[in-house]
Amino acid sequence: MKFKPTMYKKNIYEINYQKLKKKHIKVLIFDLDNTLALIDEKVCPKRSKELIQKLKKDFQIYIISNNTPTRIKPYTEQLGIEGVANASKPFTKGLKKIASYGFEKSEMVMIGDQLVTDILSGNLFGIQTIFVDPLGQKDLKITKFNRFLERKILKYYKRKDILVKGRYYE
C-alpha cells in the first residue's frame, strides 16, 4: 500500500485543516504544480494565497517540488514560506530536509496530486499523506509517464475497492 494516501480530497480547499490540527499536525507540505497552482501559472492564484495565509496562523507551511528553484521562488516569496526545490520525489530527501528543522514525522503531512511522487514520497518517509485531484489537465512531460503509472495503480485499487477516483475520504 505504498501508494495509498491517508486521505483523499477533491482539492486543497476541501481539506479539514482543523481536524488535522486536532490530530497534532503542525507542518503542511504542499506540492506546487497542479496542487497549489497550474503548471503554467507564474504567480500564486488568489484562492491558494488566501488559504496559505490563513493556514500560516496554525501551521508551518512548506512547498516541495521536483521543479527548479526558479519555479518555486515566486511562490515562496509571495507566500512568505520556505520551499524545497529539486526534491527528487518519490525519494525522501526533500522531506528529510524539512524534518531536520526540528519536526517529528507525526507532526507532518504531505499534500499532492500525484500518487507516484507526492504520496509515495510521504508514505516512504512515514508521514501522513493527502491525495488531491490535479487542478488542471496540463502536465510536464515527465509527469505524463507518472500519470500513466498512476492510472494503472488506481485501476488496481479500484478493483480492490481501496481507492476510487472521485470517492473522497478522510
Worksheet item: Using a 1.4 angstrom probe with every protein chain in place, what is the largest-first accessible-area order of Phe91, Phe145, Phe3, Phe59?
Response: Phe91, Phe145, Phe3, Phe59
Response to the item:
So for the stretch 15-99, using the alpha carbon gyration tensor with a ≥ b ≥ c as root eigenvalues (a/c under 1.5 gives rounded; past that, a/b versus b/c decides prolate or oblate), I'd call it oblate
Worksheet item: Per residue, how much space in cubic angstrom lies within the convex hull of the C-alpha atoms of the chain?
Response: 103 Å³
Worksheet item: For Met1, what accessible area in Å² do you get when you roll a 1.4 Å probe over the heavy atoms of the protein chains, rounding to the nearest 10?
Response: 140 Å²
Fill in: Proportion of all alpha-carbon pairs of the stretch 89-147 beyond 18 Å (%)
34 percent
Discussion item. 5 Å is the cut-off here: which amide hydrogens, built 1.01 Å from N in the peptide plane, fall below it relative to Ile64, excluding neighbours closer than 5 in sequence?
Written reply: Phe30, Asp31, Leu32, Val84
Worksheet item: How long, wide and thick is the stretch 1-61, going by the Cα atoms along their three principal axes, in whole angstroms, largest first?
Response: 33, 32, 17
Worksheet item: Roughly how many whole Å is it from the C-alpha centroid of the stretch 1-79 to that of the stretch 122-168?
Response: 17 Å
Practice prompt. Find the lysine pairs in the stretch 93-151 meeting two conditions, Cα atoms under 24 Å apart and a separation of 8 or more places or different chains, and report how many there are.
Written response: 5
Discussion item. What does the net charge come to around Val43 if you take all other residues with beta carbon closer than 13 Å to its beta carbon, with K and R at +1 and D and E at -1?
Written reply: +3
Discussion item. Solvent-accessible area of Ile142, probe 1.4 Å, all protein chains present, reported in Å² to the nearest ten, please.
Written reply: 120 Å²
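Per the helix-only calculation at 222 nm, which mean residue ellipticity applies to the chain, given -39500 (n - 2.57) for every DSSP H run of n ≥ 4 and division by its residues, nearest 500 deg cm²/dmol?
-10000 deg cm²/dmol
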Response to the item:
Of the listed pairs Lys23/Lys54; Lys21/Lys165; Lys49/Lys73, those with alpha carbons more than 22 Å apart are Lys21/Lys165
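The values are calculated or read from the model by the stated rules, or taken from the named source; none is laboratory data. Quick caveat: nothing in here was measured; it's all calculated off a predicted structure. Note that each Cβ is placed from the backbone with ideal geometry, even for glycine, and that neighbours are counted across all protein chains shown. What goes into the accessible areas is simple: the full protein's heavy atoms, side chains included, and nothing from ligands, DNA or RNA. Shrake-Rupley method; radii C 1.70, N 1.55, O 1.52, S 1.80 Å.
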